[in-house]
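First up is the structure itself, then whatever we jot down about it.
The values are calculated or read from the model by the stated rules, or taken from the named source; none is laboratory data. All figures in this text were calculated on a predicted structure; none of them were measured in a lab. Cβ coordinates were reconstructed from backbone atoms using ideal geometry, including for glycine residues, and neighbour counts include every protein chain displayed.
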Amino acid sequence: MNSIMKIGNQSFDLHRHTYVMGILNVTPDSFSDGGSYRHMDDVLRRVEEMIAEGAHVIDVGGESTRPGYTMISVEEEIDRVAPVVEQITQRFDIPVSVDTYKYKVADAVLKSGAHMINDIWGLQYVDDENQQMAQVIAKYQAVCCLMHNQSHTIYQQLIPDCIRFLKRSTDIALKHDISTDKIMLDPGIGFGKTYEQNLQVMRNLSAFHALDYPLLLGTSRKSMIGLALDLPKEERMEGTLATSVMAVMAGWHFVRVHDIKENVRAIKMTEAILYQDGENNG
């Protein structure tokens, strides 16, 4: 794995540091904050806040992928996301990712200035038989985050099966000339997994280093936390912080979260404990 990952104009040192990807949903039905940022002024104001709170990457979503979500057309997703990407990249110097599994959406948003595609199907979406998502990402020399996902929760062995899926994703990427320094991986907490399986992934974060790519953890406000704490989505920040701390302790590189400031602080404190050189006897 390369020690530096470049996304847009920013270079990320992957040694002993975990970065924060901030979630910006421009959907009416996202499971967590849908409907909050649907007007451009609200969007740009929120992006400004996210940057001030310490976000390193902005991840824009135009179609909810929550359980039971309603699929929207390619045209509607482009209409929601492309203008937002264009405005953010014109006004702010921060890498912009777009959360989409549709290659036509990816093409439109990369053309609008996005730097990265966050693909919840890891280049293996069933309707993309010709692997056109990989071709689009390669055409723009964009960064991609490839996530484990499946339409059921049956596994022979959970962790090895997830790793095999992600290995197939990286093989597809490399086959289409996406360079190794433009790939990160996500085990897909909350996708194709039961509550117990999600916890098992969390207990085995270190196993994913075997893939030798930068790793992203996306747990923010998800049902795993709600079930563990018996709390609604708006009260899951502390649970999310616990998972971000575990990501740092496991040597992961990115966390994707809603609550920027709090996660930045928790990560900074954890890194100080783990990596501070010398001893403080005070």
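Quick check on the range 155-166. Is at least one of its residues of a type in the set (K, R) and over 30 Å from V84 (Cα atoms)?
Yes, the conditions are met somewhere in the range 155-166.
Answer yes or no as to whether L231 is free of Cβ contacts under 8 Å to residues at least 24 places away in the same chain, out of contact with any strand residue (DSSP E or B) (no Cβ under 8 Å at 6 or more places or on another chain) and surrounded by fewer than 17 Cβ atoms within 10 Å (Cβ to Cβ). Step through it out loud before you land on a result.
Numbers: free of Cβ contacts under 8 Å to residues at least 24 places away in the same chain: yes; out of contact with any strand residue (DSSP E or B) (no Cβ under 8 Å at 6 or more places or on another chain): yes; surrounded by fewer than 17 Cβ atoms within 10 Å (Cβ to Cβ): yes.
The answer is yes for L231.
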Query raised in the report: Can Q156 be described as in a helix (DSSP H, G or I) and either polar (S, T, N, Q) or touching a Gly at 6+ places or on another chain (Cβ under 7 Å) (or both)?
Result: no
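Is it the case that G122 is within 20 Å of the chain's Cα centre (by Cα), of a type outside the set (D, E, K, R) and at positive phi? Before the answer, list the steps.
Values: within 20 Å of the chain's Cα centre (by Cα): yes; of a type outside the set (D, E, K, R): yes; at positive phi: yes.
Answer is yes for this residue.
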Query raised in the report: Condition test on V98, is it surrounded by fewer than 24 Cβ atoms within 10 Å (Cβ to Cβ), of a type in the set (A, V, I, L, M, F, W, C) and within 29 Å of K193 (Cα to Cα)?
Result: no
Query - Total residues in the range 170-222, condition part of a loop (DSSP other than H, G, I, E, B), under 27 Å from V136 (Cα atoms) and either hydrophobic (A, V, I, L, M, F, W, C) or within 17 Å of the chain's Cα centre (by Cα) (or both) - result: 10
Report task. Pick out the one residue from E196, E271, E262 that is loosely packed, with under 15 Cβ neighbours inside 10 Å and modelled with pLDDT of 95 or more. Result -> E196
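Filtering the range 28-48 down to residues that are in contact with a helix residue (DSSP H, G or I) (Cβ under 7 Å, 6 or more places away or on another chain) and within 20 Å of T219 (Cβ to Cβ), which residue is modelled with the lowest pLDDT? Please lay out each step first, then the result.
Restricting attention to the range 28-48, the residues satisfying the condition of being in contact with a helix residue (DSSP H, G or I) (Cβ under 7 Å, 6 or more places away or on another chain) are 31-32, 37, 40, 43-44, 47.
Add one more test, that the residue is within 20 Å of T219 (Cβ to Cβ), and what stays is 31-32.
Numbers: F31: 40, S32: 46.
The selected residue is F31.
Of the residues I189, I163, I172, only one is at pLDDT 95 or above and surrounded by 23 or more Cβ atoms within 10 Å (Cβ to Cβ); which? Spell out the reasoning first.
Details: I163 fails: surrounded by 23 or more Cβ atoms within 10 Å (Cβ to Cβ); I172 fails: surrounded by 23 or more Cβ atoms within 10 Å (Cβ to Cβ).
Among I189, I163, I172, only I189 is at pLDDT 95 or above and surrounded by 23 or more Cβ atoms within 10 Å (Cβ to Cβ).
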